[in-house]
Amino acid sequence: MYKEHCALCGGGLRTPLPHSEVQAAHIIPRCEDGTNDPRNGLALCQTHHWAFDEPLCTVSDDVEILIPKMIRWLESNAPLVAMA
């Protein structure tokens, strides 16, 4: 579906082999009883996978990117906020 591109930014580094940095990220984490079902996953670049796991961002049921206000206020997070 994402053709080895990040679902949030559309990016993702690749090697000539080709290997992609895009990873499968759990929407509902395994530690919260999330499953490995593909419907519980997103293709994310390493940066956005980390941001999603922290949680600097999440997605709504309508697949809208949600970023908490306390995260939005940090100037270093401007690139993440720009996507929402």
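The values are calculated or read from the model by the stated rules, or taken from the named source; none is laboratory data. Remember, predicted model here, so these are calculated numbers, not experimental data. Heads up: the accessible areas ignore ligands, DNA and RNA and are worked out on the full protein's heavy atoms, side chains in. Shrake-Rupley method; radii C 1.70, N 1.55, O 1.52, S 1.80 Å.
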Inset, instruction - Please identify, among E54, E32, E64, the residue showing maximal mean-square fluctuation in a Gaussian network model of the chain using a 10 angstrom Cα cutoff. - result: E32
Inset, instruction - Go ahead and set up a Gaussian network model of the chain, Cα springs under 10 Å, then flag whichever of T15, T58, T35 fluctuates most. - result: T15
Inset, instruction - Please work out how much length the chain gains when fully extended from A24 to L74, using 0.36 nm per residue of separation minus the C-alpha to C-alpha distance, in nm with one decimal. - result: 15.3 nm
Inset, instruction - Once you've got the GNM for the chain with C-alpha springs shorter than 10 Å, pick whichever of C45, C31, C57 has the biggest mean-square fluctuation. - result: C31
Inset, instruction - Let me have the 222 nm mean residue ellipticity of the chain computed from DSSP H runs of 4+ only, each contributing -39500 (n - 2.57), with the sum over all residues rounded to the nearest 500. - result: -5000 deg cm²/dmol
Legend entry - the chain, accessible area per residue, ligands and nucleic acids excluded (1.4 Å, Å²): 73 Å²
Inset, instruction - Convert each backbone phi in segment 38-47 into a coupling constant with the Karplus relation 6.51 cos²θ - 1.76 cosθ + 1.60 (shift: θ = phi - 60°), then list the ³J(HN,Hα) values in order as whole Hz, x for Gly and Pro. - result: x, 6, 9, x, 9, 8, 10, 5, 4, 5
Legend entry - Order of exposure, largest accessible area first, which applies to M70, M83 with probe 1.4 Å: M70, M83
Inset, instruction - May I ask you to give the percent of accessible area on the chain that is carbon plus sulfur, with a probe radius of 1.4 Å? - result: 57 percent
Inset, instruction - List the extent of the Cα atoms of the chain along each of their three principal axes, largest first, rounded to whole Å. - result: 40, 30, 22
